[in-house]
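Below is one structure, written out as structure tokens; the observations come after it.
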Amino acid sequence: MVNVMKQSVGEVLKARNQLHPNTVAALAGTRVLDLHRTLDTADTLGATDLTPLASDDPRALPLVRHSTAHVMADAVQRLFPGTRVTIGPAIDSGFYYDFDRRDGRFTDEDLARIEATMREIIAQDLPFQRTERTRAEAREALAAQGETYKLEILDAIPVGEAISFYQHGPWADLCEGPHVPSTRFLQGVKLTSVAGAYWRGDERRPMLQRIYGTAFPTQKALDAHLKQLEEARARDHRKLGKELKLFTFHEWAPASPFFLPRGARVYNGLVSYLRTRYARYGYDEVITPQIFDQALWERSGHWEHYRANMFVAVGTDAVGAKGVVPVNQLFTAEGAEDRAALEAHGAHLHFDQVSGCKAMNCPSHCLLFATEKRSYRDLPLRLADFGRLHRYERSGVLHGLSRVRTFSQDDAHIFCTPEQMDAELSSFFDLRDEVYRALGLDKVELRLATRPTEGSLGTDEDWARAEAILAESVRAKGKTFVLSPGEGAFYGPKLEFHVTDAIGRPWQLGTMQVDFNLPNRFGLEYVGSDNAPHRPVMLHRAVLGSLERFLSVYIEHTAGAFPVWLAPEQVVLVTVADRHLPFAQELAQRLRGHDLRPLVDDSNEKLGAKVRQASLLKPPYIAVVGDKEVEAVGVNLRKGRQDLGFFTTDALVEKLTAEARYPT
RNA sequence: GCUGGCGUAGCUCAACGGUAGAGCAACGGUUUUGUAAACCGUAGGUUGUGGGUUCGAUUCCCGUCGCCAGCUCCA
């Protein structure tokens, strides 16, 4: 034991014959220790249960990446003297380092130079060395280098914690560690992009330049990662949306998709399918207005809590002498001056007639609930609404179909008694599972998003109760969830359903939210069996969430090759020669008679070209008709690159009809 | 919104101070074709938009609109 006291982690492992060529660190419980770290306090560091950590262990990846970030910062300061360093953590996809460079911007050419310098440093096989310093020593060293950001970081380190520097070659950085033993372990390195980022993620603080990169212990692992990125690029729904003629955009309607005929067929197919499930699960669909008096949003709380995301609609009498007034801004404290100025210029603003474009369906569903005197016998009342919503999203967050300003959701609100909540949550779980399975989304993770730290409505007791009910509903189904503290909606906690797509990326789709607030704000009541009034509970729920956003996920999940039941064209009929066209047309007509969606290619092209043309649309099937097929009254069927052989027209109708049914 | 980058034919891209080009798509013709691109021809543009610099601007500068990346990961 006495011997252990002055030994390094590496020496301990070596003595036990556990130090391998690819050992980058040691695990002491969950702590990761540098190999060269001295075990001066063996008891607290847990020297007795050290296990080696191999470079290809996933737990070693953050070390590899963070060490690479150091090498990058070293290279940047060599090439661009005077550039100050800030932070450079390992992240899920690699690492980044934020720099304050005063003399210019990093260009793509700079990235190539930095990467080349990094390779030189890595090739020198420089060991990483940890040294601890006193706060005063650290401050002196950083001040001497003019590293003002590091000084700020130093001041944020709690008193009593060790202050350490990590050095490789001549370059050192204030750093907690741990690191790989030497630069030799950094073999798969690539710088990917440069972007702006605020110091400490705060928009009021200086904008720094962030260089992103990724790193793996081997070139092979890096190559695999780059291939994955390429695959993601190939599946990008914005690219496929254009190539497959699914949707488009126009600058006169920013972030508002136009669904082209092929895309609209998929969109409507999804909605039709969801309607059949709604019928089975006891939902009633309603259709509600787009624009409401401001009073509705004041009542619901959206005017106070959600106005920044709302579009405001005004009648033409609110248009001033200087044109359309940006009314939305005029109702903020900062806008008061503009408002006064506009009024002085003769703008006639009818503040009492301002209307809000709906951003959510819940308030209008509350109005519907209150259209009748409700009995407990009416509950649960499940109101579904595919109504179009508009939300003003900040320009920087817009992205293809996944972040838009107009969309519709597979939205529904369930009004029920407190006693009915368990059954409603359970039924929703079943519906959601059914839909996800139908769409081939098998991997689902649950998260419970709790009360936001500010800006939320309702009492602590209501929130605690709602959160507990959601948590219990998960346990009742034998599932588990992860907590997302503070991520709830302003009116209630959310259960979020995250799915993993075909290439392993997670997406949040469905939600289930308990809301005790809206029923209170709208004074909703039902008459119980005791003949007394009671307040209903309101559940907000969506299976796929925004259909636009879901389509972005689904297009990438399927790479644009939709299943028969959703495909815009289920089979493309191509003929060998013109003389086969009448047969193909007749077959197409027969398929349409069975509610199928065929497409006949009557272009003047050779068969090979037509097959290629059809394949680019990624239909489930391509059917070839030539002399042999006409003779035998059928088609030669092809799925992707696979030849399925001859099918009679009867067999084709039967096969397609079976596959066109909604999955169960 | 902020920082940086990018807007050229329907699509993918050239030209980067000196008359704006290609491939695919479109259109016309020839060909009647057997499983991922037949051949010939025609047409298509105030280079996102407004202004400025210049003898001359797609190219340089400024504004504006749109698109793309990032702005959450903490020595």
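The values are calculated or read from the model by the stated rules, or taken from the named source; none is laboratory data. Bear in mind the structure is a predicted one, so any value in this text is a computation, not a measurement. Heads up, the Cβs are rebuilt from the backbone with ideal geometry, glycines too, and the neighbour counts pull from every protein chain shown.
Residues considered: A:SER300, A:SER272. Of these, the only one that is out of contact with any strand residue (DSSP E or B) (no Cβ under 8 Å at 6 or more places or on another chain), within 30 Å of A:ALA489 (Cα to Cα) and crowded, with 18+ Cβ neighbours inside 10 Å is A:SER300.
Tell me which residues, restricted to segment A:50-73, are touching a helix residue (DSSP H, G or I) at 6+ places or on another chain (Cβ under 6 Å) and not aliphatic (A, V, I, L, M). Scanning segment A:50-73 gives A:PRO52, A:SER55. Considering only residues in segment A:275-297 that are among the hydrophobic types (A, V, I, L, M, F, W, C) and not in a helix (DSSP H, G or I), the one that is surrounded by the fewest Cβ atoms within 10 Å (Cβ to Cβ) turns out to be A:ILE287. Could you grab me the full set of residues in segment A:86-128 that are within 15 Å of RNA strand B (Cβ to nearest atom), of a type outside the set (A, V, I, L, M) and not in a loop (DSSP other than H, G, I, E, B)? Within segment A:86-128, A:GLY94, A:PHE95, A:TYR96, A:TYR97, A:ASP98, A:PHE99, A:ASP100, A:ASP108, A:GLU109, A:ASP110, A:PHE128 meet the criteria. Of all residues in segment A:229-268, which are in contact with a Gly (Cβ under 9 Å, 6 or more places away or on another chain), more than 9 Å from RNA strand B (Cβ to nearest atom) and of a type in the set (Lys, Arg)? Listed by number, the residues that qualify are A:ARG235, A:LYS245. If you go through segment A:214-227 one residue at a time, do you hit one that is within 14 Å of RNA strand B (Cβ to nearest atom) and either farther than 17 Å from A:ASP92 by Cβ or in contact with a Cys (Cβ under 7 Å, 6 or more places away or on another chain) (or both)? No: segment A:214-227 contains no residue that is within 14 Å of RNA strand B (Cβ to nearest atom) and either farther than 17 Å from A:ASP92 by Cβ or in contact with a Cys (Cβ under 7 Å, 6 or more places away or on another chain) (or both).
Checking each residue in segment A:608-664 for being under 16 Å from A:LEU591 (Cβ atoms) and small (Gly, Ala, Ser) picks out A:ALA614, A:ALA623, A:GLY634, A:ALA651, A:ALA658, A:ALA660. Restricted to strands (runs of 3 or more DSSP E) entirely inside segment A:381-458, those with at least 3 residues that are in contact with a Phe, Trp or Tyr (Cβ under 6 Å, 6 or more places away or on another chain) and either of a type outside the set (Gly, Ala, Ser) or surrounded by 15 or more Cβ atoms within 10 Å (Cβ to Cβ) (or both) are A:381-385, A:406-416, A:444-449.
Counting the residues of segment A:459-494 that are buried (at least 20 other Cβ atoms within 10 Å of the Cβ) and acidic (Asp, Glu) gives 1. Residues of segment A:543-583 that are in a helix (DSSP H, G or I), surrounded by 22 or more Cβ atoms within 10 Å (Cβ to Cβ), within 13 Å of RNA strand B (Cβ to nearest atom) and not charged (D, E, K, R): A:SER552 alone. Please go through (1) under 28 Å from the mean Cα position of the chain (by Cα); (2) over 30 Å from A:TRP252 (Cβ atoms) for A:SER408 and return the number of the only condition it doesn't satisfy. Evaluating A:SER408 over (1) under 28 Å from the mean Cα position of the chain (by Cα); (2) over 30 Å from A:TRP252 (Cβ atoms) leaves (2) as the failure. Restricting segment A:250-269 to residues that are surrounded by 13 or more Cβ atoms within 10 Å (Cβ to Cβ) and touching a helix residue (DSSP H, G or I) at 6+ places or on another chain (Cβ under 9 Å), which is farthest from A:SER93 (Cα to Cα)? Checked segment A:250-269; the qualifying residue farthest from A:SER93 (Cα to Cα) is A:LEU260. Listed by first and then second residue, the pairs linking a residue in segment A:578-592 that is more than 16 Å from A:LEU607 (Cα to Cα) and touching a residue at least 60 places away in the same chain (Cβ under 8 Å) to a residue that is more than 14 Å from RNA strand B (Cβ to nearest atom) and of a type in the set (A, V, I, L, M, F, W, C), with Cβ atoms under 8 Å apart and 6 or more places separating them unless they lie on different chains, are A:ARG590/A:VAL653; A:LEU591/A:VAL653; A:LEU591/A:LEU656.
In segment A:142-238, counting only strands (runs of 3 or more DSSP E) that sit wholly within it, the ones holding 1 or more residues that are at pLDDT 90 or above and more than 32 Å from the chain's Cα centre (by Cα) span A:163-168, A:171-174. The set of residues in segment A:34-52 that are at pLDDT 85 or above and of a type in the set (A, V, I, L, M) contains only A:LEU35. Here A:THR68 meets each of (1) hydroxyl-bearing (Ser, Thr, Tyr); (2) part of a helix (DSSP H, G or I); (3) surrounded by fewer than 20 Cβ atoms within 10 Å (Cβ to Cβ) with one exception, condition (3).
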